[in-house]
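Comments concern the structure below.
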Amino acid sequence: MDRNTSPHFKRQSLLWVVCLCLLTGCETKEEVSTPSISPKVDSDKTTEANGAPDQAPQPWETPEDLLLFVTRHQPSGYEKDFALSQTAVACVDAEDLSYASRTIRLIRTPERQKKTQKRQILKLIYTDRNAQALKLAGKMKSPAERGRAQHRIASKMIKDGAVTQARNIVKQMTDLNSKYKVVQLLSGTLKTEADIEQAIEESRSQLADERELTLCCVAVRRANLDQIPQATALLRELRSAEYQQIAAGTLARSQLKAGQIGSAMSLVRQGAVDPYDSLRYDISRQLKDSSNIEQAIQVAQEMEYLDYQTRAIYYIADKLLELNQPQRAQEVILLVNKAAQNEEEEKERFSTLASFAGQLLKQGNLDQIKEYAAKLDIEVFRYYKFFKKLIENQLKQGDLEQALQLTETFPEADIYAAASFHLANQGQFDQAREIALKIKDGYHRSAALAPLVVQLLKTNELDQAFAVLQKMDDTGFQCTGPESRQYHDSPHHWHSDKYVYEKMIEKLLDADQLERALAVTQLLNEQKEQSVYTGYLCEQLIKREKFQAACDVALNFSAETKYQARVLRTTYIALQKAIERQWARELTQQTSIPELKAELHLKLASKFRELQDPPESQKERLAAKKMIKKLEQTRLNPECARNLVTALIEAGELTQATNIASRIEDRLEKLPALYAVTQELTKGTPLEYSPYPKGTIRDHKLKPTFTPEEKQLARQIVAAIQDD
């Protein structure tokens, strides 16, 4: 399993011996005597320190200076990280690769840093710039990240038949996990026995480092072909500690396949390369399958990677449940109930603990579940719809009161919501509503009422559904039921559910009740949410070919300008998708927001150009210019102006886009608008490359220089930021 983290090896050094001691009680077959290996070389897990590239004295002079200057001044948060990632990839085209490597360090999260570094290397190697890719890899401070980059470069070289160059990269690598992967690829080029014999013959006349690499590749190839005695003999010939560890890692894998668990484990414990604990994981699984539970636990606890460790422990605990040892199973699973280092590990930990809760639920031991719950964060039980399943099991026994008594152990909101959900599914709507209304918190109560609305709509009980919907507090966009980790405390839709407000709107429109559908949008508290669902209402009207009604609803929507614009833009896009260009034109002409009107005229011009109708395209373009001229004398609406900038960029009007972006007063809209202009201004020739079998990336090279006119726009952008 490919992982984006590197191991931190802390194995004790062992003496060189010819025969290994086997693990007692693990052998199922006669094992081949395996040589020990030299102590493992520690991998440095140093991460890149956050640092900022030096500001150029004149950031408008070159495309890379301008791009970096504008990116660094973006508002903090996700948008800035995204811009930094884009800029870091663009800067691999600069003559000075330090722009690309230094920009990486400005990205806040290690995960995004790694993804961006991967994109940088892929862009270079798939546009035939291996030399630059190697230079960039050399600038990576973390040995693990540098190793990953070198692995990608070498992998592409081997794929292209440049085996000699790939071998040269291996000799420069310091990260053992990545080196292991490249040696595996090199060994795969020895396709026949004749290739293997020729490689052995050539090794006799090679210099020491070349000889070691060749013999390691041959040993790995022999091991991968399950030729354990020959691989063992070759391992004895190796003198390099790193190549011993790489060959031993592959040999251990082969021994494990042959059932020689003790020999494999001995090699691993002496320092054989075990990428991301995958060998230890498989050893633990085999020990567990042969009921060597305590040894399996010991191996699992030696793992350093939480994702493999938690899975190994989970399967051991599951095995103990099969053996009817629930108490011991619970003790084992709680070994993973420890602090995680990052969000990914936290998710792995929660899902593992939650999966075990599900297994307890299958066994139906309620007392065991309660005991388990007392030792864990309650969030664990909100994974995998645990409470819904728990209540479903109780209701199958026909005792609602007993099911509701679970509120003594678990949060009321979860139990009541789950009970209401199942009652609604059974058609017991009054009882479902009564229980959901017991939930005190408005947000959670609404999330429990939403599934009831959905069930009522399925039975066409529109009046009852509307009445329940009115009892919901929409703050934060409600979901149609408590999903995995219950509820979010921030505005968010559940992506797996049909939104209850949308479902209500659809049903009312199907019943030809437009006024009530419009009333649904007014049940929402915030203008932002009203605009979302009013836009959805307009889309549904257009889908039903009620174009006049859609335009009327959009034009009459009353809210802040930016929210009015969102509804109108949504309606315009829906009309274009429905190929109703005349209605789209009518909507544009009646729009009273000047920035939006100019934007829509530009979009119409582009559409008519696609349809090869130059006169109509020119007419719309002139209308847009007229609106933009009027905007020179008015204060701009920030969000609408930013969208206009995007439309101007798409229309190729970079000067006007720069002028509008520079005049936006709200920096949260101004700075991203200026970044969009800068991206366009610095784009060079188009690039297209396919690093994946089913994926083509379309990109641009960074411009090498600016023309005088472009430099003037660059100066204007810099001035707009400095004056902010």
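Considering only residues in the range 199-216 that are over 14 Å from residue 168 (Cα atoms) and within 45 Å of the chain's Cα centre (by Cα), the one that is surrounded by the fewest Cβ atoms within 10 Å (Cβ to Cβ) turns out to be 200. Picking from residues in the range 208-237 that are in contact (Cβ under 8 Å) with a residue 60 or more places away in the chain and not hydroxyl-bearing (Ser, Thr, Tyr), the one that is nearest to residue 285 (Cα to Cα) is 228. In the list 107, 153, which residue meets the criterion of being at pLDDT below 95, out of contact with any His (no Cβ under 8 Å at 6 or more places or on another chain) and of a type in the set (Val, Ile, Thr)? Of 107, 153, the one residue that is at pLDDT below 95, out of contact with any His (no Cβ under 8 Å at 6 or more places or on another chain) and of a type in the set (Val, Ile, Thr) is 107. Which ones in the range 517-541 are touching a Lys or Arg at 6+ places or on another chain (Cβ under 8 Å) and either modelled with pLDDT of 95 or more or surrounded by fewer than 19 Cβ atoms within 10 Å (Cβ to Cβ) (or both)? 535 - this is the single residue of the range 517-541 that is touching a Lys or Arg at 6+ places or on another chain (Cβ under 8 Å) and either modelled with pLDDT of 95 or more or surrounded by fewer than 19 Cβ atoms within 10 Å (Cβ to Cβ) (or both). Do we have residue 243 as part of a helix (DSSP H, G or I) and closer than 18 Å to residue 183 by Cβ here? Answer is yes for this residue.
Mind listing whichever residues of the range 396-415 are over 16 Å from residue 366 (Cβ atoms), within 32 Å of the chain's Cα centre (by Cα) and not in a loop (DSSP other than H, G, I, E, B)?
Hit for the range 396-415 is 413, nothing else.
Yes or no, residue by residue, for (1) over 19 Å from residue 278 (Cβ atoms); (2) of a type in the set (Lys, Arg); (3) touching a Gly at 6+ places or on another chain (Cβ under 8 Å); (4) in a helix (DSSP H, G or I):
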position: 304; (1), (2), (3), (4): no, no, no, no
position: 311; (1), (2), (3), (4): no, yes, no, yes
position: 320; (1), (2), (3), (4): yes, no, no, yes
position: 328; (1), (2), (3), (4): yes, yes, no, yes
position: 331; (1), (2), (3), (4): yes, no, no, yes
position: 338; (1), (2), (3), (4): yes, yes, no, no
position: 344; (1), (2), (3), (4): no, no, no, yes
position: 347; (1), (2), (3), (4): yes, yes, no, yes
position: 361; (1), (2), (3), (4): yes, no, no, yes
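Would you check which residues across the range 416-448 are without any contact (Cβ under 8 Å) to a residue 24 or more places away in the chain and within 35 Å of the chain's Cα centre (by Cα) and list them? Within the range 416-448, just 436 meets the criteria. Among the residues of the range 576-610, just one is buried (at least 18 other Cβ atoms within 10 Å of the Cβ), within 16 Å of residue 641 (Cβ to Cβ) and polar (S, T, N, Q), namely 591.
Which helices (runs of 4 or more DSSP H) does the range 96-191 wholly contain that include 3 or more residues that are under 27 Å from the mean Cα position of the chain (by Cα)? Lay out the reasoning, then the answer.
On the way: elements: 98-104, 110-125, 130-138, 143-159, 163-170, 176-187.
Of the helices (runs of 4 or more DSSP H) lying wholly inside the range 96-191, those with at least 3 residues that are under 27 Å from the mean Cα position of the chain (by Cα) span 98-104, 110-125, 130-138, 143-159, 176-187.
Being part of a helix (DSSP H, G or I), over 24 Å from the mean Cα position of the chain (by Cα) and touching a residue at least 24 places away in the same chain (Cβ under 8 Å) is true of residue 370.
Provide a single number: the residues in the range 580-621 that are among the aliphatic types (A, V, I, L, M) and modelled with pLDDT under 95.
Let us first name the residues in the range 580-621 that are among the aliphatic types (A, V, I, L, M), namely 584, 587, 593, 596, 598, 600, 602, 604-605, 611.
From the residues that got through so far, the ones that are modelled with pLDDT under 95 too are 611.
Number satisfying all stated conditions: 1.
Pairs meeting the criteria (first residue in the range 614-642 and assigned by TED's automatic domain parsing to the domain that holds residue 660 and touching a residue at least 60 places away in the same chain (Cβ under 8 Å), second residue crowded, with 19+ Cβ neighbours inside 10 Å and not in a loop (DSSP other than H, G, I, E, B), beta carbons under 6 Å, at least 6 apart or on different chains) are 637/595; 638/669; 639/562; 639/669; 640/565; 640/595; 640/596. Checked against the criterion of being surrounded by fewer than 20 Cβ atoms within 10 Å (Cβ to Cβ) and at negative phi, the candidates 293, 313, 297, 283 yield just one match: 293.
Tell me which residues, restricted to the range 691-718, are in a helix (DSSP H, G or I) and touching a residue at least 40 places away in the same chain (Cβ under 8 Å). Step through it out loud before you land on a result.
Kept after step one, since they are in a helix (DSSP H, G or I), are these residues of the range 691-718: 708-718.
Those that are in a helix (DSSP H, G or I) and touching a residue at least 40 places away in the same chain (Cβ under 8 Å): 711, 713, 714, 715, 716, 717, 718.
Condition check ((1) modelled with pLDDT of 95 or more; (2) touching a helix residue (DSSP H, G or I) at 6+ places or on another chain (Cβ under 8 Å); (3) of a type in the set (A, V, I, L, M, F, W, C)) across all residues:
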| site | (1), (2), (3) |
| --- | --- |
| 480 | no, yes, no |
| 484 | no, yes, no |
| 513 | yes, yes, no |
| 551 | yes, yes, yes |
| 557 | yes, yes, yes |
| 566 | yes, yes, no |
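Which one is surrounded by the most Cβ atoms within 10 Å (Cβ to Cβ), of the residues in the range 420-458 that are in a helix (DSSP H, G or I), touching a Phe, Trp or Tyr at 6+ places or on another chain (Cβ under 7 Å) and of a type in the set (A, V, I, L, M, F, W, C)? It comes out as 448.
The values are calculated or read from the model by the stated rules, or taken from the named source; none is laboratory data. From a predicted model like this one, the values you see are computed outputs, not experimental measurements. FYI the Cβ positions are ideal-geometry reconstructions off the backbone, even for glycines, and counts take in every protein chain you see.
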